[in-house]
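Below is one structure, written out as structure tokens, with a few remarks after it.
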Amino acid sequence: MDALSELDHFNPDPALREWVLKLLDQAQKDAKTIDHNESVIKSANIKIQALTLELFHLKRMRYGVKNEALSAVQLNLFQETLDEDLSAIESEVEASVAPEQKKRRPRAGRQPLPEHLPRIEHRHEPESCNCGECGSQLTLIGEDVSEQLDVEPARFFVHRHIRPQYACRNCETVTAAAVPPAVIDGGMAAPGLLAWVAISKYVDHLPLYRLEQIAARQEVVLSRSTLAEWVGRTGVALQPLADRLVELLHKRPVIHADETPVAQLDPGKGKTKKAYLWAYRSCDLGTGPPIVVFDYQTGRGGNHVKTFLGEWKGSLMVDDYSAYKALFEGEIVELACWAHARRKFFDLHAANQSTMASEALGRIAELYRIEQEGKDLTPDARFTLRQKKALPKLKALRDWLIAVRLTTPDNSGAARAIDYSLKRWEALERYTENGEWPIDNNPVENAIRPIAVGKKNWLFAGSERAGCRAAAIQSLLGTARLNGLDPLAWLKDTLEKLPTCPIS
């Protein structure tokens, strides 16, 4: 029986009945308002959580350090300045103290200077070989040796080639040593100078006008147009080696892939447009020396990846970018990156100290500890280790994520972090099926990072051809670094040998 029926049973006064009806009507309105407010509050909380996470992303991009460790100690951004100021204060204090009052500062043990560096000896003999007290002849009993590290900035010098000419009076001919072939025939730049220009531009990310200024300090005139000509011709000479690097990469069964945006000058519009530097890297868990190849393209479409890979078939480690999806409909196997999945939970934990995210990070850390344990194992032994230890943890992690997702509001940051992993779970778990498959895409991201830092200096690529040239040279220099070679020494040696090497 409802409230009105009970009221009619008592046959109340009409005025009282009308008053009760108004109260009931108001109560119903209040109940609807409360339900509506609860719904609004719930939606607002989800939106606040999403905005908090987005705000954290923006602040981290603008101010944060690139460190995803869960309990990392935040480094002081001004530590260098602080150390400089402390040293300056100490020097000022020492200068104000009388010599007899100065205390000898304790010196902490320092690393020995590298043995491979050349040594220039300076012998410091006393003013007299006789004793200052009795005049007797002094006897050498030992030596006090100390070393200081010094540097000589870029030093320009000239190679002077002299070829005597000999004549035969009978034949009336002239004989002289042949001029050896060079990267730039008849050019004034030696291979060492060409290598220095290329390394300064593509490794140290110095614009050519700065190299012009460096040369001017030693009264050497190197115009930007001349430097640009050298870079262009050097790029053409090195292109066959870059092409060969692509061929060698295509022979690897596992490849990492990623891309980073770069600005390209658009002269017709007086501004820049967005282009992309695609990066492809060999897997460290396989055999053979590491290789990294950069491919410059004006877009980010999947056709660029398809064109680069060509007929290649193997396992491709990538992020969740849609451009790669069409590749996995054929004979290419998709490997998903656990570092990307982890990053979703890391951002969530850093934004609001989510206990769920903390638990997820702890579980993922266990997977990485197993990888560290199998780092130096053979592929077969690593496969066995993953099957025994990693696979059960992965299954437990998936079950836990599914259970947590059932109680997590849609469109929240936590839901998006969980959905990212569950949606790609098959590809995320696949690395356990082969001892040569990687767990994440960090190797190729690390290869891109120096170029991403350099973009702050060179700002944009001048043209598509310039971008392709930079990608080819960066491929060679990046591969040299991965193999522990000094890029400058390698490039100088290569430019000396290249003119006499057949293209085949």
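Only residues that are open to solvent by less than 20 Å² (accessible area, probe 1.4 Å) and over 26 Å from Arg281 (Cα atoms): list them for region 355-381, please.
Answer for region 355-381, where residues must be open to solvent by less than 20 Å² (accessible area, probe 1.4 Å) and over 26 Å from Arg281 (Cα atoms): Ala357, Ala360, Leu361.
Among the residues of region 339-352, are any modelled with pLDDT under 95, in a loop (DSSP other than H, G, I, E, B) and small (Gly, Ala, Ser)?
no
Glu331 passes all but one of (1) charged (D, E, K, R); (2) more than 28 Å from Pro450 (Cα to Cα); (3) at pLDDT 90 or above; (4) open to solvent by 30 Å² or more (accessible area, probe 1.4 Å); which number fails?
Result: Glu331 fails condition (3) only.
Taking the options Arg244, Arg217, Arg160, name whichever one is closer than 17 Å to Thr479 by Cα and open to solvent by 40 Å² or more (accessible area, probe 1.4 Å).
None of the others qualify; the one that does is Arg244.
Can you go through Ala427, Ala415 and tell me which one is part of a helix (DSSP H, G or I), of a type in the set (Gly, Ala, Ser), open to solvent by less than 50 Å² (accessible area, probe 1.4 Å) and without any contact (Cβ under 8 Å) to a residue 12 or more places away in the chain?
So the residue among Ala427, Ala415 that is part of a helix (DSSP H, G or I), of a type in the set (Gly, Ala, Ser), open to solvent by less than 50 Å² (accessible area, probe 1.4 Å) and without any contact (Cβ under 8 Å) to a residue 12 or more places away in the chain is Ala415.
Can you run down the residue pairs with Cβ atoms below 7 Å, 6 or more apart or on separate chains, where the first is in region 189-201 and farther than 15 Å from Leu476 by Cα and modelled with pLDDT under 90 and the partner is assigned to a helix (DSSP H, G or I) and open to solvent by less than 30 Å² (accessible area, probe 1.4 Å)?
Once the first residue is farther than 15 Å from Leu476 by Cα and modelled with pLDDT under 90 and sits in region 189-201, its partners that are assigned to a helix (DSSP H, G or I) and open to solvent by less than 30 Å² (accessible area, probe 1.4 Å) give Ala189/Trp230.
Specify the residue that is farthest from the chain's Cα centre (by Cα); the eligible residues are those in region 271-295 that are closer than 21 Å to Arg252 by Cβ and of a type in the set (Ser, Thr, Tyr).
The qualifying residue farthest from the chain's Cα centre (by Cα) is Thr287.
So which of Val145, Val174, Val158, Val179 ends up being out of contact with any Asp or Glu (no Cβ under 6 Å at 6 or more places or on another chain), part of a strand (DSSP E or B) and over 23 Å from Ala480 (Cβ atoms)?
Val174
Of everything in region 194-213, what is part of a helix (DSSP H, G or I), open to solvent by 40 Å² or more (accessible area, probe 1.4 Å) and among the hydrophobic types (A, V, I, L, M, F, W, C)? Give them in sequence order. Write out each step before concluding.
In the first step, residues of region 194-213 are kept if they are part of a helix (DSSP H, G or I); the result is 194-202, 208-213.
Those left that are additionally open to solvent by 40 Å² or more (accessible area, probe 1.4 Å): 196, 201, 209-210, 212-213.
The answer is Trp196, and nothing else.
Mind checking whether some residue in region 443-466 is small (Gly, Ala, Ser), open to solvent by less than 60 Å² (accessible area, probe 1.4 Å), modelled with pLDDT of 95 or more and touching a Leu at 6+ places or on another chain (Cβ under 8 Å)?
Checked region 443-466: no residue is small (Gly, Ala, Ser), open to solvent by less than 60 Å² (accessible area, probe 1.4 Å), modelled with pLDDT of 95 or more and touching a Leu at 6+ places or on another chain (Cβ under 8 Å).
Suppose we keep only residues that are surrounded by 10 or more Cβ atoms within 10 Å (Cβ to Cβ) and closer than 25 Å to Leu193 by Cα within region 128-156. Which one would you say is modelled with the highest pLDDT?
Step by step, filter region 128-156, then rank; the result is Phe156.
From the list Ala403, Ala472, which residue is in contact with a helix residue (DSSP H, G or I) (Cβ under 6 Å, 6 or more places away or on another chain) and assigned to a helix (DSSP H, G or I)?
Ala472
Where the second residue is basic (Lys, Arg) and the first is within 30 Å of Thr494 (Cα to Cα) and lies in region 163-185, which pairs have Cβ atoms under 8 Å and are six or more apart or on separate chains?
If the second residue must be basic (Lys, Arg), the pairs left are Ala176/Arg163; Ala177/Arg163; Val179/Arg163; Val183/Arg233; Ile184/Arg233.
Take Glu125 and tell me if it is at pLDDT 85 or above, out of contact with any helix residue (DSSP H, G or I) (no Cβ under 7 Å at 6 or more places or on another chain), loosely packed, with under 11 Cβ neighbours inside 10 Å and over 30 Å from Arg233 (Cα atoms). Outline the logic, then answer.
Values: at pLDDT 85 or above: no; out of contact with any helix residue (DSSP H, G or I) (no Cβ under 7 Å at 6 or more places or on another chain): yes; loosely packed, with under 11 Cβ neighbours inside 10 Å: yes; over 30 Å from Arg233 (Cα atoms): yes.
So Glu125 does not fit the description; no.
Has region 483-501 got any residue that is crowded, with 16+ Cβ neighbours inside 10 Å, assigned to a loop (DSSP other than H, G, I, E, B) and not aliphatic (A, V, I, L, M)?
no
The values are calculated or read from the model by the stated rules, or taken from the named source; none is laboratory data. This is a predicted model, so every value here is computed, not measured. Virtual Cβ from ideal backbone geometry, glycine too; neighbours counted across all protein chains shown. Accessible surface is based on the protein model in full, side chains and every heavy atom, while ligands, DNA and RNA are left aside. Shrake-Rupley method; radii C 1.70, N 1.55, O 1.52, S 1.80 Å.
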